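> Please see the structure below; I have some questions.
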Amino acid sequence: MKRRSFSTALAASIAAPALIGLSNVARAADGAKPTTIRIGFPGAGTGGRPLPTSGFTANTVFLGELEKEFKADNIKIEWKYYVGAGPALNEAYANGLLDFCFGHGDLPLIVGRSTGLKHKVLLSSGRGGDVYLLTPSASAAQQVADLKGKTLSVQKGTAGQLTLYRFLAKHGFSEPEKEFRIISQIADDRRASLATGDIGGAIDTPWGLEARGVTKRLAEVHDDPTINSPGSLWVGEAFEQQYPDIVQRIVTRVIKVAYWSTQEANREQQYQLWTRSGSNAYVDNKKEWDRVKDLRVRHNPLLDDYYVASIQKAIAETRKYRLTRRDVSLDGWLEPKYLNNALRELKLETYWPTQAADGKFIRT
């Protein structure tokens with residue numbers, strides 16, 4: 001397995017400041033910098049706790065990396081968390097309350113774009129993951145087909161909705177809204193409904209719930225590229241046009257965190273950090289991630305063929321399921337130059353594995 005490292009100076013510390021190009025120096029001399037950078041996450045911890053859940057974007061928060069990056073500039077980092085997840089984040093951005101999003105799922109990302117929201121996708125916020133369909137522990141269901149006609153729960157308008165539809169399609173159900181009664185609930189309410197038996201099933205992380213006797217697993221898939229879709233980190237177009245040097249510094253710092261997150265020596269620390277939101281217990285994080293032998297597979301920021309194909313597939317699905325009214329094009333939407341600059345500066349151009357459009361790895 002090929003591994004590449006930072007240059008000697010960068011390898012010494014993740015906190016080393018990002019290098020800035022000549023054009024950025026000129027812009028800084030003109031005093032072009034914001035007083036606050038507002039960054040949103042499509043979700044909040046248990047009970048609306050203002051913390052992210054997992055992944056290298058969450059690690060950026062927990063490690064305070066952007067605060068370190070902009071301390072000398074007296075630029076404040078303002079983190080915003082939305083219990084209403086992706087749809088609520090779209091609304092906040094439409095109302096001028098955000099500059100960046102650190103992890104939008106495919107469905108709300110596409111819906112926002114279809115309604116005219118102007119943003120540039122800078123990198124993938126992660127990919128992969130396991131999907132578990134859970135039922136109440138007392139359920140008599142033995143297979144997915146046994147839930148036909150019953151109530152399933154998902155937070156509609158989020159990436160989880162398309163994930164559920166794909167999961168059901170894998171089990172032979174092509175018209176989920178006709179074959180099941182699908183209701184919309186946030187995670188806390190969904191778990192409560194599983195505990196009381198008010199719903200027939202839902203996709204969720206199983207181990208903490210199973211340990212409490214709340215649920216049992218009915219079906220599962222692991223890192224299936226046809227069911228999961230990469231998340232996206234984006235910047236508002238107006239912010240990007242006004243502060244390209246700031247955007248570059250943010251992307252470079254996030255890539256440093258992504259690299260840190262792939263190091264085996266930091267695996268256990270991440271499991272602990274991710275418990276702070278209360279969304280998943282330590283056992284959930286450990287069980288979910290211990291199976292991933294190479295952390296680069298999930299902590300992957302690339303805008304490769306797989307990322308592009310996944311978003312294109314999700315666009316087609318939103319039209320198929322009538323979740324959007326307008327077509328969405330990738331033309332002019334992705335802006336990879338900041339990512340490419342960061343990878344080149346940090347000497348990580350070939351560090352992450354790349355995937356073909358079908359999800360198969362073409363470089364590891």
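> Search segment 164-181 for residues that are part of a loop (DSSP other than H, G, I, E, B) and pair each with any residue that is acidic (Asp, Glu) and surrounded by 14 or more Cβ atoms within 10 Å (Cβ to Cβ) when their beta-carbon atoms are under 8 Å apart and the residues are at least 6 apart or on different chains.
Listed pairs, sorted by first residue: Phe173/Glu179.
> Does Arg344 satisfy being assigned to a helix (DSSP H, G or I), free of Cβ contacts under 8 Å to residues at least 60 places away in the same chain and not hydroxyl-bearing (Ser, Thr, Tyr)?
yes
> What tally of residues in segment 221-258 results from selecting those that are modelled with pLDDT of 95 or more and among the acidic types (Asp, Glu)?
The number of residues fulfilling the criteria is 3.
> Another question about this same structure. Collect the residues in segment 324-357 that are farther than 16 Å from Leu122 by Cβ and at pLDDT 95 or above, keeping them in residue-number order.
Passing the criteria: Lys347, Glu349, Thr350, Tyr351, Pro353, Thr354, Gln355, Ala356, Ala357.
> What number of residues within segment 157-200 are of a type outside the set (Lys, Arg), crowded, with 17+ Cβ neighbours inside 10 Å and within 20 Å of Thr226 (Cα to Cα)?
The total comes to 13.
> Of these, Arg344, Arg325, which one is surrounded by fewer than 16 Cβ atoms within 10 Å (Cβ to Cβ) and within 30 Å of Asp245 (Cβ to Cβ)?
It is Arg344.
> Mind checking which residues of segment 64-78 are surrounded by fewer than 22 Cβ atoms within 10 Å (Cβ to Cβ) and either closer than 26 Å to Asn285 by Cα or not polar (S, T, N, Q) (or both)?
Passing the criteria: Gly64, Glu65, Glu67, Lys68, Phe70, Lys71, Ala72, Asp73, Ile75, Lys76, Ile77, Glu78.
> Hey, another quick one. Can you name every residue in segment 101-117 that is out of contact with any Ser or Thr (no Cβ under 7 Å at 6 or more places or on another chain), over 18 Å from Ala44 (Cα atoms) and either surrounded by fewer than 24 Cβ atoms within 10 Å (Cβ to Cβ) or of a type outside the set (Gly, Ala, Ser) (or both)?
Arg113, Thr115, Gly116, Leu117 - these are the residues of segment 101-117 that are out of contact with any Ser or Thr (no Cβ under 7 Å at 6 or more places or on another chain), over 18 Å from Ala44 (Cα atoms) and either surrounded by fewer than 24 Cβ atoms within 10 Å (Cβ to Cβ) or of a type outside the set (Gly, Ala, Ser) (or both).
> Filtering segment 244-288 down to residues that are of a type in the set (Lys, Arg) and surrounded by fewer than 21 Cβ atoms within 10 Å (Cβ to Cβ), which residue is nearest to Tyr351 (Cα to Cα)?
By that ranking, first place goes to Arg267.
> When the residues of segment 260-280 are narrowed to those that are closer than 14 Å to Arg49 by Cβ and among the hydroxyl-bearing types (Ser, Thr, Tyr), which ends up modelled with the highest pLDDT?
Among those residues, the one meeting the criterion is Thr275.
> If you take the residues in segment 38-58 that are among the hydrophobic types (A, V, I, L, M, F, W, C) and buried (at least 24 other Cβ atoms within 10 Å of the Cβ), which one is modelled with the lowest pLDDT?
Checking each candidate, the answer is Ala44.
The values are calculated or read from the model by the stated rules, or taken from the named source; none is laboratory data. Computed from a prediction, not measured in an experiment: that's the story for all the values here. Backbone-built Cβ (ideal geometry, glycine too); neighbour counts: all protein chains shown.
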